[in-house]
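Shown next, in structure tokens, is the structure this report addresses.
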Amino acid sequence: MIDGSTARPKMSLTDDTLTLGICPANESEPQYGSITYRDHAMDKGSRYAALLRLAYPGARFGIMYDAMDFRRQDTLTVCLIYDTDDPAQVSQSYEIEKTIPSTWEELETMAKQAKEANPCKA
């Protein structure tokens, strides 16, 4: 898995992703197109992925570039990675997507609680 790296997360042929954005939904995203976009996006995305990994132990999160619209500058996004051949993973991934906190403060609190509940896994 990646933490701040620009490498693609390791995925198998049966893996798929849910796109989560670069930061919690109610927080400001880096300004696309600005000179500092890539650095700010990587900082926020790395923080977001790290907190999500703490908050949801066992789930796989990665940072990916989204170049689907052929812009000159790729956008970064945090993704939840799951195996489409595993019905439990598919279901769990959609449940995680529904419950992700929408602010940094809520996510940090959730990550802290998960870390305290599972000290050996963090």
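The values are calculated or read from the model by the stated rules, or taken from the named source; none is laboratory data. Computed from a predicted model, the values in this text were never measured in an experiment. Cβ sites come from the backbone with ideal geometry, for glycine too, and all protein chains shown count toward neighbours.
Scanning the range 87-115 for residues being surrounded by fewer than 16 Cβ atoms within 10 Å (Cβ to Cβ) and either in a helix (DSSP H, G or I) or at pLDDT below 95 (or both) gives a total of 15. Within the range 77-122, the set of residues being over 25 Å from Ser12 (Cα atoms) and polar (S, T, N, Q) comprises Thr99, Ser102, Thr103, Thr109, Gln113, Asn118. Among the residues of the range 22-51, the ones that are touching a residue at least 12 places away in the same chain (Cβ under 8 Å) and outside any helix (DSSP H, G or I) come to 10 in all. For the range 5-21, enumerate the residues that are within 16 Å of Thr75 (Cβ to Cβ), of a type outside the set (D, E, K, R) and either in a helix (DSSP H, G or I) or at pLDDT below 85 (or both). Thr6 - this is the single residue of the range 5-21 that is within 16 Å of Thr75 (Cβ to Cβ), of a type outside the set (D, E, K, R) and either in a helix (DSSP H, G or I) or at pLDDT below 85 (or both).
Taking the criterion of being surrounded by 15 or more Cβ atoms within 10 Å (Cβ to Cβ) and either among the basic types (Lys, Arg) or farther than 19 Å from Lys98 by Cα (or both), the residues of the range 15-31 that qualify are Asp15, Glu29, Pro30.
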